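The values are calculated or read from the model by the stated rules, or taken from the named source; none is laboratory data. Note that the structure is a prediction, hence the values are computed from the model and not measured. Reconstructed Cβ throughout: ideal geometry from the backbone, glycine too, with neighbour counts over all protein chains shown.
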Amino acid sequence: MQYEAHTTNILGGAFMRLAAVVSLAVALLACKGGSSNAPAPDAVPEGFCDDTIPCEDPTLPFCDVAGVYPDSNNTPNTCIAQPAIPDCSNTIACPTAEAPVCNSIGECVECLNFSHCNTTNPLCSLSTYTCGPCRTGAKGDAVCEAIDSFQPFCAETGSCVECLANGACGIISAPICDPTEFLCRGCNTGECDAGTCNTITGVCEE
């Protein structure tokens with residue numbers, strides 16, 4: 001009787017341990033399944049793809065998981081046509097000075113922001129990634145000043161210039177803002193806001 005009871009206890013303990021292991025495995029599988037971002041098999045939208053759901057349309061074979069290519073319209077997990085091989089990357093530099101900057105999809109472009117532009121075409125278009133004219137006003141002036149503090153004003157020509165009015169010219173020997181060149185220069189007769197012009201020195205004198 002003691003032998004039978006001992007055997008029963010051993011078998012009972014083993015069964016309980018086995019049941020615990022099975023319960024733990026089931027819980028882990030349930031947890032793993034619940035952490036997936038993929039939709040349920042019966043709720044997968046058309047064109048959805050990820051690491052486990054491939055693209056089935058032969059004309060749209062590439063899965064843009066992050067949604068970084070233009071054909072995805074910024075929508076992750078989208079099947080698109082095979083994208084072109086990138087022109088550049090973090091380790092492959094752009095080969096030309098005309099398009100020296102690498103954008104997020106591996107294209108060599110002229111600019112990503114105004115710091116890649118110059119005072120002639122200071123504003124970077126975020127749709128074409130090209131440098132173009134600035135807009136007159138405070139925002140245009142701020143862009144120009146950030147590019148070159150010596151040309152802090154946006155003129156109607158769309159370029160950054162040294163001055164737009166005489167008040168920006170703080171040099172005694174160059175008190176006049178040239179209305180064509182937008183550069184500070186010496187005065188000519190009748191150009192001084194106050195006083196008279198010394199045409200020899202270019203200085204406005206009282």
Checklist outcome for this item: Scanning the stretch 148-164 for residues that are touching a Ser or Thr at 6+ places or on another chain (Cβ under 7 Å), surrounded by fewer than 18 Cβ atoms within 10 Å (Cβ to Cβ) and under 22 Å from GLU98 (Cβ atoms) gives ASP148
Checklist entry - Just checking, which of GLY190, GLY167 is under 38 Å from the mean Cα position of the chain (by Cα), farther than 30 Å from ALA99 by Cα, modelled with pLDDT under 95 and not assigned by TED's automatic domain parsing to the domain that holds CYS102? => result GLY167
Checklist entry - Out of all the residues in the stretch 122-138, which are surrounded by fewer than 18 Cβ atoms within 10 Å (Cβ to Cβ), in a loop (DSSP other than H, G, I, E, B) and of a type outside the set (Ser, Thr, Tyr)? => result LEU126, PRO133, ARG135, GLY137
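Taking the options CYS163, CYS197, name whichever one is out of contact with any helix residue (DSSP H, G or I) (no Cβ under 9 Å at 6 or more places or on another chain) and part of a strand (DSSP E or B). Working first, answer last.
Details: CYS163 fails: part of a strand (DSSP E or B).
Checking each option against the conditions leaves just CYS197.
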